[in-house]
Each structure stands twice: as C-alpha cells, then as structure tokens.
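Peer 1: Can you keep this structure in mind? I'll have questions shortly.
Every read-out reported here was derived from the displayed coordinates using simple, explicitly stated rules and does not represent laboratory data. None of these values were measured; they are calculated from a predicted model. Virtual Cβ from ideal backbone geometry, glycine too; neighbours counted across all protein chains shown.
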Amino acid sequence: MIEGRWVRVTECDNIPPREGRAARIGDRELAIFNLGDRFLAVDNRCPHRGGPLCDGIVAGTAVVCPLHAWKVSLETGAVERPANTSACIRTYATRVEAGVVIVELQLRAVGELTTGALNRCTDT
Ligand code: FES
C-alpha cells in the first residue's frame, strides 16, 4: 500500500531565494528550490544523464541543469528544453509550517526516515 507522509526537511532560511539545495530523505535525494514565494521539490537527478539539479540555475519556475543545460519544469517535472523529449522527473508536494519546508513522500512502507543536512550537490 502506498501512502503519503509529510516529512519536515529544513528551515526555509536554509535555502536562499532562487537557489536549490539537495536533501537526502531515506534513500531518496530531492532538490528543493526556493522560488521566493514558495518552495518546490523534485528528484535531484536530471532525466538526461543524472546531473545534480540542485546546482542548476533557476529560470522562472524551471531549473537549467548545470551539466548540459536541459531545462526542467519544477512544477510538472517535464523537460522544457530540448522540446522533443518526453522525459520527466518526479515532483513532490510541499508546504511550509512555522518556517519549515515540509515535503510529501509517497511511501510503500512507512518506516523511520532520517533527513540529512542540506547541501549543494557538489558538497556531497
Ligand atoms: S545531465 Fe542534465 S542536461 Fe545532461
């Protein structure tokens, strides 16, 4: 059975505006972005060759991968550039409570999750 679980990830202040940070939650690595008015979370793995999206450049509501400049929507996970690909990445619902970013994960089995420190991908 798959169920959603909201996981506290980090304080909002740990992610500067228009930047992303990687967050390891259990066996997953997410990229969480601060768009100024909201936070968006996606898998931290570019659908091209696995580049670290958390180190990409935020452009509107998309991120440009630092490796080969694919542009991926942070809202839908769809690749916007190049236009001729149907590749996409997983997105995660987020919310903020008391200054903390919280992400919803779909878990097959709810067990103990540990959240690691936020890092720029190149620091991990
Ligand atoms: S790995 Fe992201 S564009 Fe190539």
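Peer 1: Which parts of region 59-85 would a label at Ala93 reach, counting a residue when its backbone N lies under 17 Å from a point 7 Å out along Cα-to-Cβ?
Peer 2: Under 17 Å, as judged by backbone N against the label point of Ala93, lie 75-77 of region 59-85.
Peer 1: Then there is this: Cα atoms only: what Rg and Dmax, in Å, come out for region 15-94?
Peer 2: When restricted to Cα atoms, region 15-94 yields Rg and Dmax of 11.2, 33 Å.
Peer 1: Which FRET efficiency, nearest 0.05, do Arg5 and Glu75 yield, Cβ-Cβ r, R0 25 Å?
Peer 2: That gives a FRET efficiency of 0.70.
Peer 1: Still on this structure, I have one more. Any chance you could run the full-extension gain for Val100 through Asp27? It's 0.36 nm times the residue separation minus the Cα-Cα distance, nm to one decimal.
Peer 2: Computed gain between Val100 and Asp27 is 24.2 nm.
Peer 1: Could you list, bin by bin from short to long, the percent of Cα-Cα pairs of region 28-72 in 10 Å steps?
Peer 2: The distribution over region 28-72 is 31, 58, 10, given as percents.
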